[in-house]
Amino acid sequence: MLVAAGLAAAGVLPTDCASYDVVWKYLMPLAAACFLLETDVSRLAADGGPVLVAFVIGAAGMALGAVAAWALLKGPLGDVGARLGACLCASYVGGSVNFAAVALALKVPSAALPGAMAADNLAMAGFLSVLMAVPINRAVAAVTSAATASAHPAAASAAAASTPAATGSTNPAAAATSAAASPAAADGAPTATPATAAAPSAITAESLALTLAAGSTACAVSYHIAAVLNAAPFTLLFMAGVAAAMTAAAQRLRGWAAVRAGHAPDSPEAEAKVFAGAAQLGSCLIQLFFAVLGAAAGSLSCLAGCGVLVAFLCVMVAVHWAFLFLVGRLLLRMPLEPLLLGSNANIGGAATAGAMAAAKGWAPLVQPAMVAGSMGYALGTAAGLGVARVMGVLPPL
């Protein structure tokens, strides 16, 4: 994004052209579809457990925090700032794809987006550092991990392979990277959930071709649904449901075909992902979107005015943490570990949540953290648009 902005400022790239509209209208939605095609919605409730509950509570707290921050900073934010606040709420429930989806729905000026994304990344680094620094009672953590392992032995055995003890590494950062297995930056970009009993599905020409076909179909169907319902701002929200349904159907067909061929229902052939590599393809496409944002800005001066957005984020996340503690810790008596991972999944996404679980030594919680983080991509856009409705900046249907 910064390189594209510099090239545009130097006159090498145009600040506006028809190709950028193609990226906004087609490639960015296709990137979102690719991410969703590797999210196994059927496993969220089964594997998420307390981390998933904490994530949902945290998402509600994040939406409340966005409204509170808007109420406190309404004057300095202005109309564009309020729209960016809704985008940031979507990003802090889901990820950068949800940020882009809400920005598209709210018609946020392109020149305002790089500054908001800079504030997003800057504040996120600080928030995740705070979460990692929270002290944990080791005796309580051991009891929680043992209980989770007994409830999900398959998840525990897979996650244990990512810990320093299992890998023979004493470097927590290396263990975190291994556990997260993320092809994208820690800005909330989606990652594939690791397999519990077999090696990750191989990325092949077939899986990439199927990903492009299914992603394009999901985009086309969602655009049609939005046109029929006269609900264009919710196009990408419809696409989340369509893509999730396609993933579930494809995996069932893959399993059925493997069984018909004589393989066991739990064999690697039956459980291999149909859309292997979808997250990597989505990450590639979303980089084009970032480059277009930078080129449309035209100069690096757009990064200078993001101070009020950092304040907005601080208020939003403070309310999120307070709500998560009150509801999760005091009301529901949940352990501290899933609350911290749920908050991490909200703020950073699946990659950073899984990395935190591995670095802390919470092996049985690595996979649930990543599953919970993946859920954000199905909820983030809805959260951002809901906050925009409260703020009064959502265009009429």
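The values are calculated or read from the model by the stated rules, or taken from the named source; none is laboratory data. Note that this is a predicted model, so its numbers are computed, not measured. As a convention, Cβ positions derive from the backbone with ideal geometry for all residues, glycine included, and neighbour counts pool all protein chains shown.
Could you list all residues from segment 255-266 that are in contact (Cβ under 8 Å) with a residue 12 or more places away in the chain and surrounded by fewer than 18 Cβ atoms within 10 Å (Cβ to Cβ)?
Start the filter on segment 255-266 by keeping residues that are in contact (Cβ under 8 Å) with a residue 12 or more places away in the chain, which leaves 255, 258, 266.
Within segment 255-266, Asp266 is the sole residue that qualifies.
Rundown of residues vs (1) aliphatic (A, V, I, L, M); (2) part of a helix (DSSP H, G or I), yes/no style:
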{"position": "Val327", "(1), (2)": "yes, yes"}
{"position": "Arg333", "(1), (2)": "no, no"}
{"position": "Gln367", "(1), (2)": "no, yes"}
{"position": "Met375", "(1), (2)": "yes, yes"}
Worksheet item: Would it be correct to say that Gly61 is within 21 Å of Gly307 (Cα to Cα), of a type in the set (Gly, Ala, Ser) and part of a helix (DSSP H, G or I)?
Response: no
Discussion item. Quick check on my filter: what residues within segment 351-397 are closer than 18 Å to Ala100 by Cα and within 14 Å of the chain's Cα centre (by Cα)?
Written reply: Gly373, Ser374, Met375, Gly376, Tyr377, Ala378, Leu379, Gly380, Thr381, Ala382, Ala383, Gly384
Item to complete: Go through segment 335-365 and give me each residue that's surrounded by fewer than 24 Cβ atoms within 10 Å (Cβ to Cβ) and not in a helix (DSSP H, G or I).
Response: Pro335, Gly361
Item to complete: May I ask you to say which residue of Val259, Val221 is under 26 Å from Gly94 (Cα atoms) and more than 20 Å from the chain's Cα centre (by Cα)?
Response: Val221
Worksheet item: Which one of these is under 17 Å from the mean Cα position of the chain (by Cα), part of a helix (DSSP H, G or I), among the β-branched types (Val, Ile, Thr) and surrounded by fewer than 20 Cβ atoms within 10 Å (Cβ to Cβ): Val80, Val97, Val56, Val102?
Response: Val56
Worksheet entry | Among the residues listed as Ala184, Ala244, the single one being at pLDDT below 85, assigned to a loop (DSSP other than H, G, I, E, B) and not aromatic (Phe, Trp, Tyr) | Ala184
Discussion item. For the condition touching a Ser or Thr at 6+ places or on another chain (Cβ under 7 Å), over 27 Å from Ile347 (Cβ atoms) and modelled with pLDDT under 90, what is the one hit in Gly255, Gly298, Gly262?
Written reply: Gly298
Worksheet item: Since Leu326 meets every condition but one in (1) out of contact with any helix residue (DSSP H, G or I) (no Cβ under 7 Å at 6 or more places or on another chain); (2) in contact (Cβ under 8 Å) with a residue 24 or more places away in the chain, which condition does it not meet?
Response: (2)
Practice prompt. Identify, from the list Leu64, Leu30, Leu77, the residue that is at pLDDT 85 or above, within 24 Å of Ala220 (Cα to Cα) and touching a helix residue (DSSP H, G or I) at 6+ places or on another chain (Cβ under 7 Å).
Written response: Leu30
